[in-house]
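For reference, the structure is listed below as structure tokens.
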Amino acid sequence: MLQAINDRKAEIPIYIGVGEIVVSKNPDNVLVTSLGSCVAVIMLAPGICGAGLAHVALPSSSVNIEQSRIKPGYYADTGIARLLSAMDKLHGGKRGRLLVKLVGGANIMDPDNTFDIGKRNVLAIKKILWENRLGVLVEDLGEDISRNVRVRVDTGQVSVKTLGKERVIL
């Protein structure tokens, strides 16, 4: 009798760049991105095996309306609106059941806090989520470190790698 050593299917990574938004119901997908002052807004739809991620770079699209039309995920206001719309389609508009996780918002290359982009991103994102009656389940934010993020669509598990150390945020 043969026994499978690893019954798990191969993971299919989907790399998400700055300003991009990806939503998936494919249990084999792993959403992957790298962050500095940007924030990964991760939304999970429990019960249907669905996940979405917006890689937000700036707090407000008012600085460049034209770019926000081309790449809505680049800005907190347009990115979260687009991510919520995609997640509504994915799970039938049950917004109250979404789980939200945030990662990133670091202070990179700004020791005097002149621009404070990471903190401004986080504040804008939390305000928009609050306006949409969504809270943050878990966050890994701030500091002065870059992060690599992996979101498993099948389980909703988010792992964050910084300075060679990997941890799972629940």
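The values are calculated or read from the model by the stated rules, or taken from the named source; none is laboratory data. Please read these numbers as outputs of a predicted model, since none were measured by experiment. We place every Cβ from the backbone using ideal geometry, glycine too, and count neighbours over all the protein chains shown.
Does Arg133 meet the test of being assigned to a strand (DSSP E or B) and either among the acidic types (Asp, Glu) or surrounded by fewer than 20 Cβ atoms within 10 Å (Cβ to Cβ) (or both)? The answer is no for Arg133. Go through Ser68, Ser37, Ser24, Ser61 for me and flag whichever is hydroxyl-bearing (Ser, Thr, Tyr), touching a residue at least 12 places away in the same chain (Cβ under 8 Å) and touching a Phe, Trp or Tyr at 6+ places or on another chain (Cβ under 6 Å). Unique residue meeting the criteria: Ser61. Would you check if there is a residue in the range 93-108 being in contact (Cβ under 8 Å) with a residue 40 or more places away in the chain, more than 15 Å from the chain's Cα centre (by Cα) and assigned to a helix (DSSP H, G or I)? Yes, the range 93-108 contains at least one residue that is in contact (Cβ under 8 Å) with a residue 40 or more places away in the chain, more than 15 Å from the chain's Cα centre (by Cα) and assigned to a helix (DSSP H, G or I).
Just checking, does the range 49-66 include any residue being touching a Ser or Thr at 6+ places or on another chain (Cβ under 7 Å), part of a strand (DSSP E or B), under 18 Å from Ser146 (Cβ atoms) and modelled with pLDDT of 90 or more? Scanning the range 49-66 turns up at least one residue that is touching a Ser or Thr at 6+ places or on another chain (Cβ under 7 Å), part of a strand (DSSP E or B), under 18 Å from Ser146 (Cβ atoms) and modelled with pLDDT of 90 or more. Thr78 meets the conditions (1) at pLDDT below 95; (2) part of a helix (DSSP H, G or I); (3) among the β-branched types (Val, Ile, Thr) in every case but one. The failed one is (1).
A single entry from Thr162, Thr155 fulfils the requirement of being under 18 Å from the mean Cα position of the chain (by Cα), at negative phi, polar (S, T, N, Q) and exposed (fewer than 15 other Cβ atoms within 10 Å of the Cβ): Thr155.
Selection of the range 136-157 for residues being at pLDDT below 95, part of a strand (DSSP E or B), more than 19 Å from Ser60 (Cβ to Cβ) and of a type in the set (A, V, I, L, M, F, W, C) yields only Val138.
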